[in-house]
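The values are calculated or read from the model by the stated rules, or taken from the named source; none is laboratory data. Bear in mind the structure is a predicted one, so any value in this text is a computation, not a measurement. We place every Cβ from the backbone using ideal geometry, glycine too, and count neighbours over all the protein chains shown.
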Amino acid sequence: MALYEKTTHQQLTISAARQNLRQLSIIRNIALGGQLLALLFFSQIQNIGLPVTVLSVILAFYALVIGITWWRSFQKPAITELEFFGHLLMDILFFTALLYFSGGASNPFISYYLVPISIAATTLPTRYTWSVALLSLGAYSWLLANYHPIPALSPMSGHEHHDNSNNLHIMGMWCNFAVSALLITYFVTRMASTLKQQEIKLAQQREDQLRDEQVIGIGTLAAGTAHELGTPLNTMKILVDEMQYEKSDSNPSDFHPPEFSEELTILQQQIEQCRTTLKQLVATAETTTESKDIKPVREYFDKLLERWQVMRPKTQANIHYAENLPECTASFHPTIAQSLTNLLNNSADASLEVDVDLFWDKETVKLSIRDYGKGITPEQQEVLGQPFNSDKPGGMGLGLFLTQASVNRYGGKVTICPAEGQGTLTQVVLPLGTTWVEK
């Protein structure tokens, strides 16, 4: 999953967890209201001998937990799956305590254990759902023998036949609960997982469609801008050529400092690189088919890195190819070279020293770019790849967005994270697929 899609999925998950916790609070309020009404009815209207004081204390604590949970659902820290699992365990604990003091397994509200199981099945991963189901079943089983008896809810005594019938009834209730819990855990979990995957896929498709529309708009604007920049670049090239020509026919010490010749040469190289880039941009925008230029992978990256070093002559580039790389050829769309160059330039902007590591096999090419700058913060990492978001002075916030869009479009992925020690580590994985041809 590319970084852009991964960020979208994480945002959807965090939002859903918050909403689920609020829904759980509403369910708890309904359950609390029902328990309070039942306690009031069976203690004031039809007294069946409930320990009112103990049950009132338990419900008071439960009401406090509900209030805290509702407050928590509006706080900034992300709500994790483990935290939500803990809330369901708390519900099981409170409900078990209530049932212990109100007849145990003979209490007709024993089937409420199915509620946290159903909630877990639709919101949590399988491992948490099975844990909730087994703990609920365990609590139910424990209440068969451990509880504060309530005569009005206990099996009738006096005849052996009645004892056996009521015991069989309670055991039948337990078996029904066990089967229901297992069915909910297995089938509802699978159905909920399918729905989640479909929702994620639809969200990703919407994001991809929006991103593609933005890329098309930017590409159209870039093609027009490329034509407009051609004239000033040609003018700059003519002026630099004239300055070099004048210098060759004159005494350098009369006009320029000794190092000015080197600066003019670098400036001329940069202008030529700009003209080449604009020509490639126009050609890429005007073409209707993808490039089918197949060349050796090593040659492709040799030329790409050589061109980048010309663009960044003051950057110390430590380029390392992995050992025993296969001799193979591949075809990359022109936008891939632009994307990789943009990532290399980002690292060069961060520090004067950049490490580049390359590896490929029959299926993928892996490029690692490590700089030694100040690195990125967790807040910056969350918004990486979003358009018009840049911390660079004068930056437009489009480079990384277009890079990820291009790499993702052709089956690759980009990950950017803090490097160990200092700096930033950028990793790119590009598929070779059917374009791989062994020599």
**Prompt:** Got at least one residue in segment 367-382 being within 19 Å of A405 (Cβ to Cβ), surrounded by fewer than 18 Cβ atoms within 10 Å (Cβ to Cβ) and either touching a residue at least 40 places away in the same chain (Cβ under 8 Å) or not assigned by TED's automatic domain parsing to the domain that holds F401 (or both)?
**Reply:** yes
**Request:** Can you work out which of the residues in segment 283-307 that are part of a helix (DSSP H, G or I), within 19 Å of A330 (Cβ to Cβ) and in contact with a helix residue (DSSP H, G or I) (Cβ under 7 Å, 6 or more places away or on another chain) is modelled with the lowest pLDDT?
**Result:** T284
**Request:** Kindly indicate whether any position in segment 98-108 is within 38 Å of the chain's Cα centre (by Cα), surrounded by fewer than 21 Cβ atoms within 10 Å (Cβ to Cβ) and assigned to a helix (DSSP H, G or I).
**Result:** no
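Determine whether T329 is modelled with pLDDT of 85 or more and in the same structural domain as T364 (by TED's automatic domain parsing).
In short, yes.
Could you list all residues from segment 53-97 that are among the β-branched types (V, I, T) and surrounded by fewer than 16 Cβ atoms within 10 Å (Cβ to Cβ)?
Within segment 53-97, T53, V54, V57, I68, T80 meet the criteria.
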